[in-house]
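Following: one structure in structure tokens, then a few remarks.
What follows draws every value from the coordinates through simple rules; no lab data is involved. Because the structure is a prediction, the values reported are computed rather than measured. Cβ placement follows ideal geometry from the backbone for every residue including glycine, while neighbour counts extend to all protein chains displayed.
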Amino acid sequence: MKQFTPNRRRFLRGLGAFVALPAFESLLRFDGAASAAAATTGGARLATTATGAPLRFAVCYVPNGAIQSAFWPTGEGKDFTFARTMEPLKDFRDQVQVLSGLDHLNATAGNDGGGDHARASGVFLTGVRVKKTAGADIHAGVSIDQVAAKYVGHLTRFPSLELTCDAVHKSGNCDTGYSCAYQYNIAWQSPTTPLAPEPNPRLLFERLFGAGAHGQRRAALQARQAQQRSILDFVMDDAHDLDDQLGGRDRQKLDEYLTSVRDVEKRIHAAESFGQTPDPNLDTPAGVPAGYTEYVQLMYDLMLLAFQTDSTRVATFLVANEGSNRSFGQIGISEGHHYLSHHMGAKDKIEKVSKIDLFYMEQFARFLKRANEIKDVDGNSLLHNSMILYGSGNSDGNRHTHTNLPVVLAGGGGGTLAPGRFTKFGGRPMSNLFLSLADRMGAPSLPRFGDSTDRLTSI
Amino acid sequence: MGNGGASSSLRLAIGVAMGIASFCASAWAGTDRPAEQFRKTVQPILSQYCFDCHADGSNKGKVAFDEFKSDQDLLGDTELWWKVLKNVRAGIMPPQKHPQPTDSEKRELVNWIKYGAFALDPAAPDPGRVTLRRLNRVEYRNTIRDLMGVDFNTTEEFPPDDTGYGFDTIGDVLNVSPMLLEKYMQAAEKIVNEAVPTVARSIADLQLYGNDFRGGGANGAKLSFYRESNVAAKFTARRPGSYHLTLNMVVRGSFDFDPGECDAAFTVDGAEQWHEHLKWESGKKLQIDFDRNWQPGEHRFAFEIHPLKEIPKEPHIGPNTAVPTTVDLQVVSLDIQGPMEKQYWAETKNFDRYFPREEVPADPVERKTYARQVIAAFAKKAFRRPADDHVLGRLVEIYESTASQSGKTFFDGVKEAMVAVLSSPRFVFRVEKPEPGASGSTVPLDEYSLASRLSYFLWSTMPDDELMSLADHHALRAHLNEQLKRMLKDPRSQELVSNFTGQWLELRDVEGININVFRVLRQDNQPLIHPTGPAATQPARQVIASAGSGTGAAAGGGAAAGVGVGTGRRDFGLGASFRIGKNGAGSGPLFKLFGVQFQLDSNLRRALREEPEMLFAEIMRNDESIAQLLDTDHTYLNEKLAALYKVDGVAGPDMRRVDLPKESPRGGLLTMGAVLIVTSNPTRTSPVKRGQFILDNMLGMPTPPPPAAVPALEASERNSAKTLSFRQVLEIHRSEPLCASCHGRLDPLGLSLENFDAIGMWRDKERGLPIDAAGQLLTGESFHDAHDVKGILIKNHLPDFYRCLTEKMLTYALGRGMEAYDVETVDQIVERLQHENGRFSALIEGIVDSAAFQRRRNAKDRMAGAVGPVAAEPQTGNLSPN
């Protein structure tokens, strides 16, 4: 029998202690292969700050928009005051940039009718109009995190990580005429292949560091990789063999498999160049915690751990799927989030939704706080060396609007961002922001992304 | 084709099809082209009934019939004609207040759409395009269970599958990511290591569990400290020798302290092996190890409980949980190993599943041949078709490269090859091939593919030996009908029941859905229920029902002396206390009404899920009419569910068939608790969701998608200061023309179920206001309540229900959504259902016999250009101008 609770508590406590320590140079192979690989492309170094530390890019997605009046600060530029929802960020306001006036016009109805939730999440990181289909031919675009991963993924043991706290999917149809794939994924490796996020903290931890107790993980990981190496040749061969016998869509499907084989193969071959895999002195988390708050915190902690150990520099965290109807007993809200978000102006519902917005923001703030406390290899904080976008693809959940999306950009981008401000863009594509972030990650100057019209200069 | 000939039902289907074909051939005789036919017969119908809104500058719903620039334009708009077909058939268009086309005019229109616009050929239906399907989590788990004899928990190990069209069997959305591939490889290794034994013989090992110990009505799984009991189990040693036994027990107590104590003893053949004085120490584990030297013969193990405390007169109520406390001893297991002497070792479990010989041949050549034989047999099962020589050669190479390493054995090599097999795309995907030598634009699937289609459809798992053997002999098609019957009788068909209904009716959500029972009950019963005590601070809130007015007589349970219980109270039937736990864990707050308790805990949730499953299973196994899903005179209940439904005389936790009282509002899916709950919000009903559910899942009637921008309703609702019933709120909603088009279809159906609250319980009032469930369907029929609606559905909309269920099940079976070219296939099955009074076999045979199930487009054929190799997608579609 698994004893979930004590294990998990130990993990959380352990992690607390772990991140509280000033620096973990030993865990970062900052001087080795990574720096060597960190060649410059068109100016910016690949996912590396000017001071030589890793530069991380993360996106945290929360569903159903936000109560606007509680979300947006007053004032502008450096002279602004947080409203209620962002209060939890006030302790590190100099590391946070609030961006208003960013839109996803491709999430609006257009000729596609209903389905704003599916579009909100489908468009959020892709910037394209996703194809309205309940399954036959899903089509979005490569998401910006995957664009970044494509260029910088080889620098770390994992090109990117995808996380979620939605371990259970609702059955039946998703949003009017859209496949559930648009709502349960935000990272898209290709326009037709979403990357399913990992909901299980144990499996995520084991994937990052190996299975077993501290001290045994490295060996377990090596054994697994040796095994995989012997199998990979066969499955690659077998898939090619099969490929010749198939046609049309079947072949396309098999290509997903082949791409995955190549990806895993690449990673295993590169494994040696990363030196010893870190083995954090922590218990492996037991599984999905029973309490939602603990669950969300644990996943944030794991994302942080992945960054801290430089296991990856790109991560997306779908905190809850778009349209989520979760209720929040822990803060006294028994109605569903989605149900409440269509408040039709009712004051009590608006109040409850803002409480939910606040709850999600508090968890994010806790993550930022920890990231702010961790000293990176260059002496700056991990938060300083990160670009962490938090937000939703809906702005007003009641009316399903997709302009002036509620987003916050945390972190200093290794000195390339100018946080500590409230910047109003007054109606520009969100994709413009993505282009500018991709530039900082060292992607070769992309001509455009999604519906971008330009770059965002003043961030 | 050279296969054994079509089954009789297939022949029937073709016969029907040919009939239609000849009908349409005659109807269209002499007509040259669909476009001309359109102008001659169809346009006049459209002009008479539709042009008011959909022509001459009017294009309601963005539909106009006179804006086609060319014949090609007209015929090519499949989406439009499909929409017309659905709306006309559903009786939604033309709207009821407008003149209606005659039946023959409707037929004319429908036929032109099918055979003219869609150019369907009933004699050679298009089987459609099915994408290579990955096993979903359920199928993977079942397949591993049947292939390897072990249970691998895919629900925990693999991420949830994406779904399409409401099902998790849709090839197009079952993706593979690098993470999933890694997981597959890891799973393969883990499974093989756990499942494949490497020794032919080992020490025999047998477990007895708590339930195996019985006596005097008691059961070793739960031995109360308050009850004198003696339970025993027997074991026969077949071989002489030394045995090692391990006994595991645990003390199970309620959360709150219980004063019970007892003397517990364990005897072997009458001799005491252990005894202990036990108290409430919940979770205390006891393990006893001992050895015996036994001759062949029977041995008796017994547990005795001697209570040391009287049963209290008043139940001991826990201060924290407000429920009676308990304390029991649970016998977890008795593990018997032996004989330990090697000559008496038993065959290792599962060894002969993989290895036909006890000893590995010593001769290297013979040994390699044997390895090849073992691997070939395994690969064939795992791939659901024989592995070709090339693949087999590669697998044997893997075997050799491992087995030849120092310290590695024959078994290590074979296991490594098995890991490769389970990681192969041939295992992970369901690879389908056409009959060898078949040609044409569509081709029959080969029998291995057909065997897999059958087994994954009906059992959600791999084909069994019988199916594989028939496929080996190319005799499956010839025996299709009897196989179908066998498979439906097999217990594995429960997978169809639970996986299909679990998604069609969203029953999978029932056990985890979040509901706030307190809120649900409180808002409708303000005078009846109020929280007492410091509700906010106590871990459990107790809600006592006080006096209320009503029509129901006080039930027996009302006599209990509860705090604040008045007289003349009205009961919810039995009076209810509910505990609804999140995730079915039974850990939510407890609600107590009228002194009688029962809880919407995991037991009740399971009952809620099983009720519709059991009705569906009954219809399937007994080949009854699927119309019973709309209304029946019986259902399946256990005590807790019966209490929720106010049905008397059902005791105990087991589900059983119950004839419903005449006046019961239950019967059929629509008024089952599970359906009512999954279509509610956490605190109250949602007539909109319920209406949508009926249209989507019962009638298959199209609902236009909601407008993208919610119009300004806020003002109108806010202006009204007094409490509005939900019906009134929705009426405001419907007074907006933009909302009316859609909510006119949704709301009346949903509101007809307003007598059932968000946990499926009957109610007469909503927020203190009397419930008015009456209304009118968009198709014109008036009704008073849910009962009437069921009657109307059966009387007037049975074909719609047949069509809806057919489409849902075809989608599930084929792993793809319905397309316009499927209209004919579905029509044929619906016709068959009507002809056979809705018998389940008509549905299932209709699906299995259909071209869509039996054939596929010929990927190599240029005629099937639509499915020809798809040009590689630009990998960065959003990086280029769009």
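When N is the residue count of the range A:236-317, what does its C-alpha Rg come to as a fraction of 2.2 N^0.38 Å?
1.57
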Q: Let me have the relative contact order for the range A:300-459, percent, based on Cα pairs under 8 Å that are six or more residues apart.
A: 13 percent
Q: Indicate the gyration tensor shape class of the protein assembly as shown (rounded, prolate or oblate), computed on the Cα atoms with a ≥ b ≥ c the square roots of the eigenvalues: a/c under 1.5 is rounded; otherwise a/b larger than b/c is prolate and the rest oblate.
A: rounded
Q.
As an exercise, find the ratio Rg/Rh for the range B:376-529 from alpha-carbon atoms, using the Kirkwood inverse-distance average for Rh.
A. 1.22
**Q.** Cβ-defined net charge surrounding A:ARG428, 12 Å radius [Lys, Arg +1; Asp, Glu -1]
**A.** -1
**Q.** Debye, to nearest 20: dipole size of the protein assembly as shown, +1 on Lys, Arg Cβ, -1 on Asp, Glu Cβ
**A.** 1840 debye
Q) For the range A:117-124, in order, what is each residue's ³J(HN,Hα) by Karplus, 6.51 cos²θ - 1.76 cosθ + 1.60 with θ = phi - 60°, in whole Hz (x at glycine and Pro)? A) 6, 4, 5, 4, 7, x, 8, 3
Q. How high is the FRET efficiency between A:ALA50 and A:LYS369 when r is their beta carbon distance and R₀ equals 25 Å, given to the nearest 0.05?
A. 0.50
Q) Can you list the HN-Hα couplings for the range B:293-300, worked out from phi with the Karplus curve (6.51, -1.76, 1.60; θ = phi - 60°), rounded to whole Hz and with x for Gly and Pro? A) 9, 10, 8, x, x, 8, 10, 10
Q. Considering the zone a paramagnetic label at A:GLN245 would reach in this model (a point 7 Å from Cα along the Cα-to-Cβ line), which residues of the range B:418-433 have amide N under 16 Å from it?
A. B:421-433
Q: Sum up the charges of everything whose Cβ sits under 10 Å from the Cβ of A:VAL264, counting Lys and Arg as +1 and Asp and Glu as -1, but leave A:VAL264 out.
A: +1
Q.
Taking a ≥ b ≥ c as the square roots of the Cα gyration tensor eigenvalues, with a/c under 1.5 meaning rounded and otherwise prolate when a/b beats b/c, else oblate, which class fits the range B:109-245?
A. prolate
Q.
If the rule is a partner Cβ under 4.7 Å, which cysteines in chain A fail it?
A. A:CYS60, A:CYS165
Q.
Counting other C-beta atoms within 10 Å, and keeping those with at most 12, which DSSP coil trypsin sites (Lys or Arg not before Pro) do you find in the range B:67-118?
A. B:LYS69, B:LYS97
Q | Spatial separation of Cα centroids for the range B:740-760 and the range B:397-474, in angstrom | A | 49 Å
Q. Say each of B:GLU261 and A:LYS90 gets a label point 7 Å from the Cα, pointing the same way as Cα to Cβ; how far apart are those two points in nm?
A. 5.8 nm
Q) So, in nm, how far is label B:ASP103 from label A:ILE268 when the simple model puts each one 7 Å beyond its Cα toward the Cβ? A) 6.7 nm
Q. Using θ = phi - 60° and the Karplus curve 6.51 cos²θ - 1.76 cosθ + 1.60, what whole-Hz ³J(HN,Hα) does each residue of the range A:398-409 get, with Gly and Pro shown as x?
A. 5, 9, 6, 9, 10, 10, 6, 5, x, 9, 10, 10
Q: Would you please state which residues of the range B:772-795 a label at B:LYS662 would reach in this model, taking the label point 7 Å out along Cα→Cβ and a backbone N cut-off of under 18 Å?
A: B:787-788
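Around A:ARG84, what is the net charge, scoring Lys/Arg as +1 and Asp/Glu as -1 over all other residues with Cβ under 14 Å from its Cβ?
Counting the neighbours of A:ARG84, the net charge comes to -1.
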Q) What is the set of long-range amide H partners of B:LEU445 at a cut-off below 5 Å, with H atoms built 1.01 Å from backbone N? A) B:GLU435, B:ARG855, B:ARG856
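Below 8 Å between Cα atoms, with a sequence gap of 6+, how large is the relative contact order for the range B:172-232 in percent?
RCO, the range B:172-232: 20 percent.
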Q | Sum of -39500 (n - 2.57) over DSSP H runs of 4+, divided by residues of the protein assembly as shown (222 nm, nearest 500) | A | -11500 deg cm²/dmol
Q) Given a cut-off of under 8 Å on Cα pairs at least six residues apart, what relative contact order in percent is computed for chain A? A) 34 percent
**Q.** Residues in the range B:79-97 reached by a label modelled at B:GLU819 [backbone nitrogen below 13 Å; 7 Å Cα→Cβ]
**A.** B:79
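Once a ≥ b ≥ c are taken as the square roots of the eigenvalues of the Cα gyration tensor of chain A, is the result rounded (a/c under 1.5), prolate (a/b larger than b/c) or oblate (a/b not larger than b/c)? Could the numbers behind the result be given before it?
Details: a/c = 1.34, a/b = 1.18, b/c = 1.13.
Note, shape of chain A comes out rounded.
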(Q) Show me the GluC sites (Glu not before Pro) within the range B:294-354 that DSSP assigns to loop and that have at most 12 other Cβ atoms within 10 Å of their Cβ. (A) B:GLU310, B:GLU341
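Figure the gain on full extension for B:LYS433 and B:ALA377 (residue separation times 0.36 nm, minus the Cα-Cα span) and round it to one decimal in nm. Walk me through the numbers before you get to the answer.
On the way: separation 56, 0.36 × 56 = 20.16 nm, distance 2.00 nm.
Full extension of this stretch gives 18.2 nm more.
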Q. Given the Cα-Cα distance of B:ASP77 and B:ASP788 and 0.36 nm per residue of separation, how much length would full extension add, in nm?
A. 252.1 nm
Q) Expressed in nm², what is the orientationally averaged projection area of the convex hull enclosing the Cα positions of the range A:314-399? A) 6.5 nm²
Q | Other-chain or far-sequence residues with amide H under 5 Å of B:HIS634's (modelled H) | A | B:LEU660
Q) Under a plain spin-label model, where a point goes 7 Å from the Cα along Cα-to-Cβ, how far apart in nm are B:ARG767 and B:SER202? A) 6.4 nm
Q. Measuring from centroid to centroid over Cα atoms, what is the spacing of the range B:237-299 and the range B:601-630 in Å?
A. 41 Å
Q. Sequence-distant or interchain residues sharing an amide H contact under 5 Å with B:ARG252, placed H: which?
A. B:GLY283, B:ASP328, B:LEU329, B:GLN330
